[in-house]
Amino acid sequence: MTLQLDDFTKMHDEFIAEWNKAMNTGDTSSVERMDDRYFVVFLKGVNEKPIIFNREEAVNGMKQSVQQLLGAKKRFENRVIRLRDNENAVVFYEQLIEKNDKVIARLFTIENWQLINGKWMLVRETEEPI
């Protein structure tokens, strides 16, 4: 599993680099690595119900956010990668969005990835403000 972890980590490093390109160019196509079954859960407050978006809704929201935050930077801190098995990985990290040298968002993120037809795809994601 060590080789698979190395391959996954390399892919995820590239994914992070692509995010920073997207934040500068507005083009999100390289980070739209979501499987058709993908959904994202946004946890807002402790007593609030989560908001769930399917793939189409998430991609549309991502495009809008990137356009609104053009020139901002995303930082992925304290990343931890765990393989469930050779075809499933979970990534935990703190996501910071900075614009004009100020942190404008801080989120705890959990990504669930699956190896589908030889390509790592996001199948589920959870976001929670810190």
If each K or R counts +1 and each D or E counts -1, the residues other than Val40 whose Cβ falls under 10 Å of its Cβ total -2
What the 10 Å binned alpha carbon P(r) of the chain shows, as percent of pairs per bin from 0, is 12, 42, 37, 9, 0
Placing each pseudo-label 7 Å from Cα in the direction of the beta carbon, Thr2 and Asp101 end up separated by a distance in nanometres of 4.4 nm
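If you add up the charges near Ile51, with Lys and Arg at +1 and Asp and Glu at -1, over every other residue whose beta carbon is less than 14 angstrom from its beta carbon, what do you get? Don't skip to the end; give the middle numbers.
Numbers: positive: Lys44, Lys49; negative: Glu48, Glu57, Glu125, Glu127, Glu128.
Result for the local shell: -3.
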With +1 on the Cβ of every Lys and Arg and -1 on the Cβ of every Asp and Glu, the dipole magnitude of the chain about its Cα centre, in debye rounded to the nearest 20, is 300 debye
Per the rule of 0.36 nm per residue minus the C-alpha distance, extending Leu83 to Thr25 adds in nm 17.7 nm
Any lysines whose Cα falls less than 25 Å from that of Lys99, other than same-chain ones fewer than 8 residues away, would be Lys21, Lys44, Lys63, Lys73, Lys74
Mean separation of Cα contacts under 8 Å (at least 6 apart) over the residue count of the chain, i.e. the relative contact order in percent, is 24 percent
Amide H contacts under 5 Å for Met34, restricted to residues at least 5 apart in sequence or on another chain and with H modeled in the peptide plane, are Leu122
Per DSSP, the loop-located GluC sites (Glu not before Pro) within the range 1-44 having at most 16 other beta carbons within 10 Å are Glu32
Helix 2-25 sits off the longest principal axis of the Cα atoms of the chain, rounded to the nearest 10 on a 0 to 90 degree scale, by 20 degrees
Helix 55-68: inclination vs the chain longest Cα principal axis, degrees, rounded to 10, gives 50 degrees
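Roll a 1.4 angstrom probe over the protein heavy atoms and tell me the percent of accessible area of the chain that is carbon or sulfur. Kindly include the intermediate steps, with their values, before the conclusion.
Working: 3850 of 7930 Å².
Reported share for carbon and sulfur atoms: 49 percent.
The values are calculated or read from the model by the stated rules, or taken from the named source; none is laboratory data. Bear in mind that the values here come from a model prediction, so they are computed numbers and not experimental data. No Cβ is skipped: glycine too gets one built from the backbone with ideal geometry, and neighbour counts run over all protein chains shown. Quick note on the areas: whole protein, heavy atoms, side chains included, nothing else; ligands and nucleic acids left out. Shrake-Rupley method; radii C 1.70, N 1.55, O 1.52, S 1.80 Å.
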